[in-house]
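Peer 1: One structure is given below, represented as structure tokens, and several questions about it will come after.
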Amino acid sequence: QARIAFDVPPQAFTPPPKVTSSVVHLEPRTTPLPADVKKLGRVTEAAFGQRRKMLRQSVKSLGGEALLERAGIDPTRRAETLSVEEFVRLTNAV
């Protein structure tokens, strides 16, 4: 589980960036995800490998639209909109 602990203003950095940063607190899950970790890594790498691309294009090497259909995921979505559970479904459909 992840949550934002607090924000860090641009003035805390040199040179100051044009964005506000955040410190993220991560808590391990009590039960592991029901997916092969190596496969999950390949899927997330493919999904996020092409910035701002729709999933139909970014997971083409893994099975493209047929893979997304098996996982029940709309091929016009982008990787950053998927939940952890949807990534698990996608991984298990590979």
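Peer 1: Just a yes or no: is a residue in the range 25-39 touching a helix residue (DSSP H, G or I) at 6+ places or on another chain (Cβ under 7 Å), in a helix (DSSP H, G or I) and modelled with pLDDT of 90 or more?
Peer 2: Scanning the range 25-39 turns up at least one residue that is touching a helix residue (DSSP H, G or I) at 6+ places or on another chain (Cβ under 7 Å), in a helix (DSSP H, G or I) and modelled with pLDDT of 90 or more.
Peer 1: Right, here's the next one. Answer yes or no as to whether Ala12 is surrounded by 10 or more Cβ atoms within 10 Å (Cβ to Cβ) and free of Cβ contacts under 8 Å to residues at least 24 places away in the same chain.
Peer 2: When the stated conditions are applied, Ala12 passes them.
Peer 1: Filter the range 40-94 down to the residues that are at negative phi, of a type in the set (Gly, Ala, Ser) and outside any helix (DSSP H, G or I) and list them by number.
Peer 2: Answer for the range 40-94, where residues must be at negative phi, of a type in the set (Gly, Ala, Ser) and outside any helix (DSSP H, G or I): just Ser83.
Peer 1: Which one of the conditions (1) in contact (Cβ under 8 Å) with a residue 12 or more places away in the chain; (2) surrounded by 14 or more Cβ atoms within 10 Å (Cβ to Cβ); (3) more than 16 Å from the chain's Cα centre (by Cα) does Val23 fail to meet, given that it meets all the rest?
Peer 2: (2)
The values are calculated or read from the model by the stated rules, or taken from the named source; none is laboratory data. Since the structure is predicted, the reported quantities are computational estimates derived from the model, not experimental observations. A quick note on method: Cβ atoms are made from the backbone with ideal geometry, for glycine too, and the neighbour counts reach across all protein chains shown.
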